[in-house]
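Where a number appears in this text, it was derived from the coordinates with a stated rule and is not lab data. From a predicted model like this one, the values you see are computed outputs, not experimental measurements. Every residue, glycine among them, receives a Cβ derived from its backbone with ideal geometry; neighbour counts consider all protein chains shown.
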Amino acid sequence: MSYPLNFHRAPRIVDQRLALIGDAAHGIHPIAGQGLNLGLRDVGALVEVLADGMRLGLEPGDAQLLARYERWRSVDSFSVGFATDAINRLFAIPGRLPSAVRRFGMGAVQRSGWLKRFFMDEARGMSGDLPALLRA
């Protein structure tokens, strides 16, 4: 059996009284543990949505709550999955010219304080609309 190291995601991550999290909802290349970061944000978002709903007297499987979870997680999971897939493909291109372009890009990020912070926050999973459980 094999497992493809590329980007895939479930067309829907919720259904009737069901919510997918982590690798069940999306699969990405294991670059820098971004799949783990996505899974942790999935868990935090689901816990927050369910807790908010239960405070309002809603059932944990309420369709509106699950739809809120799906909306919250869809942009983040797609953008991280797309970015890791693109980075993986970019670094898989052989040759001197692609290698030079990659070195130039990495050097530009290293020299730019705001770009470096942006990519570091992304890599640590500390950007975007974080669930309360994951805020520092």
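Miscellaneous remarks
- Given (1) acidic (Asp, Glu); (2) over 22 Å from ASN6 (Cβ atoms); (3) in a helix (DSSP H, G or I), number of the condition GLU122 does not satisfy: (2)
- Screening segment 27-59 for residues that are free of Cβ contacts under 8 Å to residues at least 12 places away in the same chain and outside any helix (DSSP H, G or I) and picking the one that is nearest to ARG135 (Cα to Cα) gives LEU56.
- Among residues of segment 11-31 being among the hydrophobic types (A, V, I, L, M, F, W, C) and under 12 Å from GLY81 (Cα atoms), the one that is surrounded by the fewest Cβ atoms within 10 Å (Cβ to Cβ) is ILE31.
- Looking across segment 60-99, not a single residue is of a type in the set (Ser, Thr, Tyr), farther than 21 Å from ASP129 by Cβ and in contact (Cβ under 8 Å) with a residue 60 or more places away in the chain.
- Residue check for ALA123: of a type in the set (Gly, Ala, Ser), buried (at least 16 other Cβ atoms within 10 Å of the Cβ) and in contact (Cβ under 8 Å) with a residue 60 or more places away in the chain: no
- Checking each residue in segment 31-73 for being hydrophobic (A, V, I, L, M, F, W, C) and under 16 Å from ARG17 (Cβ atoms) picks out LEU46, VAL49, LEU50, MET54, LEU58, ALA63, LEU65, LEU66, ALA67.
- Of the residues making up segment 1-26, those that are among the small types (Gly, Ala, Ser) and touching a residue at least 24 places away in the same chain (Cβ under 8 Å) are ALA19, ALA25.
- Answer residue from segment 13-26, given it is touching an Asp or Glu at 6+ places or on another chain (Cβ under 7 Å) and assigned to a loop (DSSP other than H, G, I, E, B) and is nearest to ARG89 (Cα to Cα) among those: ALA25
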